[in-house]
Amino acid sequence: MSKKKLNFNSLTIHGGQLAEAATGAVMPPIFQTSTYAQTAPGEHKGYAYSRSGNPTRHALEKSVASIEGADYGLAFGSGLAAIDAVIKLLEPGDEVISTNDLYGGTYRLFTGTFERYGIKFHFVPMGKAEEVAQHLNANTKLIWVETPTNPMMNIIDIKAMSQLAKKAGVLLAVDNTFATAYLQRPIELGADIVMNSGTKYLGGHSDVVIGTLSVKEKILADRLYFIQNSSGAVCGPMDAFLTLRGIKTLHLRMARHSENGRAVAHFLAKHPKVSAVYWPGFEDHPNFAIAQEQMKDFGGMVSFKPKDDTRETAFKILSSLRLFTLAESLGGVESLAGHPASMTHASIPVTEREKTGISEGLIRLSVGIEDEADLLADLEQALN
Ligand SMILES: Cc1ncc(COP(=O)(O)O)c(C=O)c1O
């Protein structure tokens, strides 16, 4: 059976993978080499130098493209390195429309680095596609979407954004980190570029920092490959191997993350000490209908505000948690909790943060795949 025809739960394991030629190893070896022997100058077996290409990285790149339903994959040293490569497609004077509720490090890269090179960013709410259209102009070259957003769990309509981007002749890039290809299929919905911080759910075990891009068009893939090779922000073979291994259980983990995420969201929504819960699976979520349409389930990310929406109360809850670990990052098998205002989103100015609802009391949970009852008991004792 052609591997192209496999379903998602088989693609995570087999997609783009070939048995290793020399030994038949089922898992690609970690090709821990910087260079490759040549028989004459320029004559080699397809690999000349590991920044330009490495077999373990290629195995991961093929896997990532395959699960995203794309034709080309590229792997980088972090999620931000992958985003950096996308923005390097642009020229000074070009403009980007980005969601205003996004990972703080992405905001910092856009404003702290690329604004200095003459690229202009418009940070706007993207809940209503027709409102995003108002920000398009002749210089717009890219729409940057993160959905669900980090940390407010807003949902952006990928299909509507792709129609907008196509009409305007601009690229649409989607940060698929929170959902992954298991829950959400941006390429099928019309995105040109899908980005993942593989540090999160793809790797899935909090043991690697890595980023990926997937694209369908060869021209775009070639341009991104040129940037990957010329800027050199590639991942090492060990990290590629770990991420490839993580992807093999992505479908199992995402299903359990979603189950536990649902249980935690409903538990918090009923809790007397909680004033608001942000999770796209609630029927009263502003874009619930779109979430239902474009996502298979709602994932394991849940944010909430205590009734006393202060930093002190948030810190008290966070320090009382025992099973949830207070830490940066998300998407691993273990449950993590964070305080966006002082941690993941501290690089966004407070006035901007407040506009999107990132208050001092907001807590973000990455719900892991532990036993549901243990997770709820931990939250109960920390809230009381
Ligand atoms: C949604 C999102 N995008 C991008 C990134 C950046 O990825 P990395 O930390 O791998 O550079 C993160 C990291 O937290 C993230 O949450």
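Assess whether Asp207 counts as being within 16 Å of the ligand (Cβ to nearest atom) and over 11 Å from the mean Cα position of the chain (by Cα). In short, yes.
Among residues of the range 115-138 that are acidic (Asp, Glu), those with a beta-carbon under 9 Å from a residue that is open to solvent by 50 Å² or more (accessible area, probe 1.4 Å) at least six positions away or on a different chain give the pairs Glu131/Pro125.
The single condition among (1) under 30 Å from Gly261 (Cβ atoms); (2) buried (at least 18 other Cβ atoms within 10 Å of the Cβ); (3) not acidic (Asp, Glu) that Val96 does not satisfy is (1).
For the range 232-257, filtering for residues that are more than 19 Å from Val215 (Cα to Cα) and in contact with a helix residue (DSSP H, G or I) (Cβ under 7 Å, 6 or more places away or on another chain) leaves 6.
For the criterion of being in contact with a strand residue (DSSP E or B) (Cβ under 7 Å, 6 or more places away or on another chain), among the β-branched types (Val, Ile, Thr) and within 16 Å of the ligand (Cβ to nearest atom), Ile187 fails. Figure legend. Inter-residue proximity from the range 306-333: first residues among the charged types (D, E, K, R), second residues open to solvent by 40 Å² or more (accessible area, probe 1.4 Å), beta-carbon distance below 6 Å, spacing 6+ or different chains. Indicated pairs: Lys307/Lys273; Lys307/Ser275; Arg311/Glu360; Glu328/Met343.
When residues in the range 99-117 are screened for being open to solvent by less than 10 Å² (accessible area, probe 1.4 Å) and part of a helix (DSSP H, G or I), 4 of them pass.
Yes/no matrix, rows are residues, columns are (1) within 16 Å of the ligand (Cβ to nearest atom); (2) within 23 Å of Ala59 (Cβ to Cβ):
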residue	(1), (2)
Lys159	no, no
Asp175	yes, no
Tyr225	no, yes
Asn229	no, yes
Val234	yes, yes
Leu242	yes, yes
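For the range 168-182, the condition holds for at least one residue, the condition being that it is in a helix (DSSP H, G or I), open to solvent by less than 30 Å² (accessible area, probe 1.4 Å) and modelled with pLDDT of 95 or more. If you go through the range 1-28 and keep only what is closer than 16 Å to Ala240 by Cα and either in contact (Cβ under 8 Å) with a residue 40 or more places away in the chain or open to solvent by 80 Å² or more (accessible area, probe 1.4 Å) (or both), you end up with Thr12, Ile13, His14, Gly15, Gly16, Gln17, Leu18, Val26, Met27, Pro28.
I'd like to know if the range 264-276 contains one or more residues that are small (Gly, Ala, Ser) and part of a loop (DSSP other than H, G, I, E, B). No, the conditions are met nowhere in the range 264-276. Is one or more of the residues making up the range 47-65 part of a strand (DSSP E or B) and surrounded by 12 or more Cβ atoms within 10 Å (Cβ to Cβ)? Looking through the range 47-65, at least one residue is part of a strand (DSSP E or B) and surrounded by 12 or more Cβ atoms within 10 Å (Cβ to Cβ). For the range 321-343, name all the residues that are surrounded by fewer than 20 Cβ atoms within 10 Å (Cβ to Cβ) and either among the acidic types (Asp, Glu) or within 14 Å of the ligand (Cβ to nearest atom) (or both). Within the range 321-343, Ala327, Glu328, Ser329, Glu334, Met343 qualify.
May I ask you to list the residues in the range 66-80 that are part of a helix (DSSP H, G or I), open to solvent by less than 20 Å² (accessible area, probe 1.4 Å) and within 16 Å of the ligand (Cβ to nearest atom)? Hits for the range 66-80 are Glu68, Gly79. Residues of the range 267-320 that are closer than 19 Å to Gly338 by Cα, open to solvent by 40 Å² or more (accessible area, probe 1.4 Å) and within 24 Å of the chain's Cα centre (by Cα): Tyr278 alone.
The values are calculated or read from the model by the stated rules, or taken from the named source; none is laboratory data. Note that the coordinates shown come from a computational prediction; the quantities given were computed from them, not determined experimentally. Using ideal geometry, Cβ is built from the backbone for each residue, glycine included, and neighbour counts are taken over all protein chains shown. Accessible surface areas use protein heavy atoms only, side chains included; no ligands, DNA or RNA. Shrake-Rupley method; radii C 1.70, N 1.55, O 1.52, S 1.80 Å.
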